[in-house]
Each structure stands twice: as structure tokens, then as C-alpha cells.
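Quick notes on the structure that follows.
The values are calculated or read from the model by the stated rules, or taken from the named source; none is laboratory data. Since the structure is predicted, the reported quantities are computational estimates derived from the model, not experimental observations. Positions of Cβ are backbone-derived with ideal geometry, glycine not excepted, and every protein chain shown enters the neighbour counts. Surface accessibility is based on the protein's heavy atoms, side chains included, excluding ligands, DNA and RNA. Shrake-Rupley method; radii C 1.70, N 1.55, O 1.52, S 1.80 Å.
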Amino acid sequence: MRKLIAVAGPTAVGKTKYAIETAKAFNGEIVSCDSMQLYKYMNIGSAKPTPEEQAEVKHWLVDEIDPKEPFSVARYAQMAKAAIEDIFSRGKTPVIEGGTGLYLNSLLYEMDFSGASVDTELRDTLLNEAELFGPEYIYNKLKEADPKAAERIHPNNVKKVIRALEGAISGKNIVDFKNCQEKCKDYDTILIGLTRNRPELYDRINQRVDIMIEEGLFHEVEELLEMGLDESDISMKGIGYKEIIGYFDGLYGQEEAIGLIKKNSRHLAKRQLTWFRRYEDTKWFNLSEYESDEAAVGEIIGWVQTQGI
């Protein structure tokens, strides 16, 4: 069966660099699996690959979607699978790279979107928000929509919270994508998990946020607001964007906004690691344990070579 490579891990762990090196080693092209890098104009806050990085290896599903445009997991899966087939058709290796677990799920497992009708966007939005912003965020939405249901359900029972919220809004049951068990029949996935020791990862997250600020993240958000986007757009709910909107709304000062971005990014990293550790076939590499990036790259490439690709 055809094989593709997936490079997954938390924010700021170094996925872009390692995916590029892996793709170069195996005649590959990268298919982004990041819910924010899809959007046009959102370059700094999404940590989008630089033009130089994209010139090293072709990237798919970066800068594809207008941030005002509704977007669903079903559409992501359709676009990503089309890209994968294009790459395979030219004798190259698809390398999936990113940190959005729900999107990766749609490529690793058979997920039936055919029965989803008018509520596809609603279901996908709720699942995406639960992953990105955590249990408390989605539970607060349920408290507003159905206070009685919220009283019956523990805030950390995300599955039940989402089902109740979707039911309160539409009266229909939600598909539990997290319980997908049947693997994709179109290809085998060689799954690489990247991690670092927590202090190092958190330090990298904090440094990345500082660099984003220096590169003009506040100005980027201001330009998006001037384009007509606001906090109601799902694209603007991403970390780095929603906190700065709060600053522009006068909810807190600039330093507090920056502190919130760092804190929320650290919380996201924890949730991402929890998600990716569910995949039993993952080969994990702790990048903190290597003397250099080159040493880590060499071991990753060596392991992939043993997988019959």
C-alpha cells in the first residue's frame, strides 16, 4: 500500500523545520494540517512557513482560504486528500505537517461526512473550538445555550458538552469524530511525533510569541479588523488573534494581551500532546535529547527508512 509521512506535535516544537527536512529526504511535498495557516492574510499569528521555507519544498493548503469564508473539517479532508493524490500521482511522497488534531484525524481514519447536511459547519466548528480553546470555553457556550443541560454535565466531559450544545442549537445529534477507529484504506501513514521537555517547549512558545510581536502581530490583527473581520469569525478565534482583539476592545493592556497569548499557547500545547498521544502507532522523538537539530533529523530519517517507504 502507498505510504505517506505525518509529522505531528505541539505548537512551537519545530514541526516546520523537521517536516521540510523529511520531505527533502524522501522526495516529498508538504500538506499543511494547520487550521490557521490555511487562511490568507494571517501570516504572523499562524506562524506560517516563510517564503524561503516554502521555496525549499512545495507546501499545500497554505494561504488557500479567505478568513471570512466558512470552513469545515469535511472540506479540509477533501482538499487535503486531493493534494495527497496529486503528490502520489507524480511519484512523490506526501508529508502531512501540523498540529490540528481534528484535521489529522480526518486523514488517518475513515470519517463519514456523507450524512452531514446543513449542520456540517456547526458540528465542525464546535469540535474545532473544543480542541483549540479547551473545555471551559465550550462549556460556557453550553451554559448560555442550555443552562439546565450544563447543570447535568461535568465541564470536563467535552464529548457530552458538545453533544448537548449541538442539540441545543439544532436539535440533532453530533458525530463523535474522536471515536473513529477504522484506519484510512487509501494509504498507510508513517506517523512521527515531535516533543520536547516541558520547560524547553514553554520557553520556545514564549520566545515565538515575542518574535510575533516584534514582527507586527498587533498591526496584522488591526489590518484584519479593518478588512471587516471581527471576533465572530472562526478565523479570528485563533490564539494570538482573539487576545489582541480583546486589547483593541479595551479589555486589558498590551502586556496582558501578550501574556494571555503565551499562556493560551502553552495550554494549547498540552491539549495537542494529549490528542496526539492517542495514536498508538506514533514514533515519538524528544528533540530535547539530541545534541543538535542535525542529529535529530538524521535519526528521524533513519527510522522512516526502516518503515519500507
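For the range 164-213, give me the residue count where each residue is part of a helix (DSSP H, G or I), at pLDDT below 85 and over 18 Å from the mean Cα position of the chain (by Cα). Selection size over the range 164-213: 8.
Which one is nearest to the chain's Cα centre (by Cα), of the residues in the range 215-236 that are among the small types (Gly, Ala, Ser) and modelled with pLDDT of 95 or more?
Filtering the range 215-236 for residues that are among the small types (Gly, Ala, Ser) and modelled with pLDDT of 95 or more, the one nearest to the chain's Cα centre (by Cα) comes out as Gly216.
Comparison of Thr306, Thr274, Thr282 shows that the only residue that is within 15 Å of Thr195 (Cα to Cα) and without any contact (Cβ under 8 Å) to a residue 60 or more places away in the chain is Thr274.
Scan the range 286-295 and give yes if some residue there is in contact with a strand residue (DSSP E or B) (Cβ under 9 Å, 6 or more places away or on another chain), farther than 23 Å from Asn156 by Cβ and part of a helix (DSSP H, G or I), otherwise no. Looking through the range 286-295, at least one residue is in contact with a strand residue (DSSP E or B) (Cβ under 9 Å, 6 or more places away or on another chain), farther than 23 Å from Asn156 by Cβ and part of a helix (DSSP H, G or I).
Counting the residues of the range 214-255 that are within 13 Å of Ser46 (Cβ to Cβ), part of a loop (DSSP other than H, G, I, E, B) and open to solvent by 10 Å² or more (accessible area, probe 1.4 Å) gives 1.
The sole residue among Ile84, Ile5 that is in contact with a strand residue (DSSP E or B) (Cβ under 9 Å, 6 or more places away or on another chain), modelled with pLDDT of 95 or more, crowded, with 20+ Cβ neighbours inside 10 Å and in a helix (DSSP H, G or I) is Ile84. Of all positions in the range 22-32, none carries a residue that is at pLDDT 95 or above, surrounded by fewer than 19 Cβ atoms within 10 Å (Cβ to Cβ) and under 24 Å from Leu127 (Cα atoms). Of the residues making up the range 66-73, none is outside any helix (DSSP H, G or I), open to solvent by 30 Å² or more (accessible area, probe 1.4 Å) and hydroxyl-bearing (Ser, Thr, Tyr).
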